[in-house]
Amino acid sequence: MKLVIGIVRPERANAVMEALFRADVRGYSVSRVQGHGGEQERVQTYRGTVVKMSLSPKVRFEVAVSEPFVQRTVDAIKEGARTDEVGDGKIFVLELAEAVRIRTGEKDEGAVTPVAS
Ligand SMILES: Nc1ncnc2c1ncn2[C@@H]1O[C@H](COP(=O)(O)OP(=O)(O)OP(=O)(O)O)[C@@H](O)[C@H]1O
Ligand SMILES: [Mg+2]
């Protein structure tokens with residue numbers, strides 16, 4: 001299992017959700033975050049020291065998936081988030097040690113695969 005983290009422009013969040021839906025990826029968490037992407041124009045110099053880097057609002061997706069879903073999740077975030085302008089965001093893929101569905105106690109692959117309710 002992997003945890004796919006996508007940090008995207010807020011105005012692209014709906015497009016990312018649509019792309020995830022088309023890729024049959026159903027479970028994820030979304031939060032508003034503030035980030036800095038190393039933009040030079042946001043760096044200021046004060047008495048010879050580089051200070052004051054302002055933050056941009058971003059939306060962070062966290063998607064826990066089994067291995068067969070990793071690439072399509074990355075692709076969906078990329079497709080939904082991309083504008084080809086600087087600041088389109090980043091995707092990080094982390095090893096995920098364990099997942100538990102609280103209601104049933106199912107673990108790992110069984111817990112990250114959606115069930116019909
Ligand atoms: N190394 C990083 N670690 C954690 N979060 C990051 C990192 N780089 C970027 N981010 C997050 O992603 C957001 C968007 O970054 P951004 O798209 O500007 O990255 P970039 O590498 O500068 O790419 P671009 O050249 O397209 O601007 C940042 O505001 C921040 O929230
Ligand atoms: Mg940037």
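Here, each number is a calculation from the coordinates, and none is a lab measurement. Keep in mind that this is a model prediction, so the values were computed, not measured. So basically every Cβ, Gly included, is an ideal-geometry build from the backbone, and we count neighbours across all protein chains shown.
Please list, in order, the residues from the range 69-97 whose amide nitrogen is less than 20 Å from a point placed 7 Å along the Cα→Cβ vector of Thr113. Once the point is set 7 Å along Cα→Cβ of Thr113, 69-74, 96-97 turn out to lie under 20 Å by backbone N, inside the range 69-97.
Ellipticity at 222 nm from helices only: DSSP H runs of n ≥ 4 in the chain, each -39500 (n - 2.57), divided by the residue count, give -6000 deg cm²/dmol.
Please give the net charge around Lys90, taking every other residue with its beta carbon less than 11 angstrom from that of Lys90, where Lys and Arg add +1 and Asp and Glu add -1. Present the calculation step by step, with values, prior to reporting the outcome.
Working: positive: Lys58, Arg60, Lys78; negative: Asp88.
Its environment carries a net charge of +2.
Which whole-number percentage describes the relative contact order of the chain, with Cα contacts under 8 Å and a sequence gap of 6 or more? Averaging sequence separation for qualifying contacts and normalising by length gives 42 percent for the chain. This ranking places Lys2, Lys107 by how few other beta-carbon atoms lie within 10 Å of each, fewest first, which gives Lys107, Lys2. By other beta-carbon atoms within 10 Å, ranking Arg12, Arg101 with the fewest at the front produces Arg101, Arg12.
Stretched out straight at 0.36 nm per residue, the stretch from Ser29 to Thr83 would grow longer than its current Cα-Cα span by 17.2 nm. Sorting Arg9, Arg22, Arg47 from the fewest to the most surrounding beta carbons within 10 angstrom yields Arg47, Arg22, Arg9.
Sort 85-91, 29-35 for me by packing, meaning the mean count of neighbouring Cβ atoms within 10 Å per residue, highest on top. Please report the intermediate quantities before stating the final value.
On the way: 85-91: 13.7, 29-35: 11.1.
Those peptides, ordered most packed to least, come out 85-91, 29-35.
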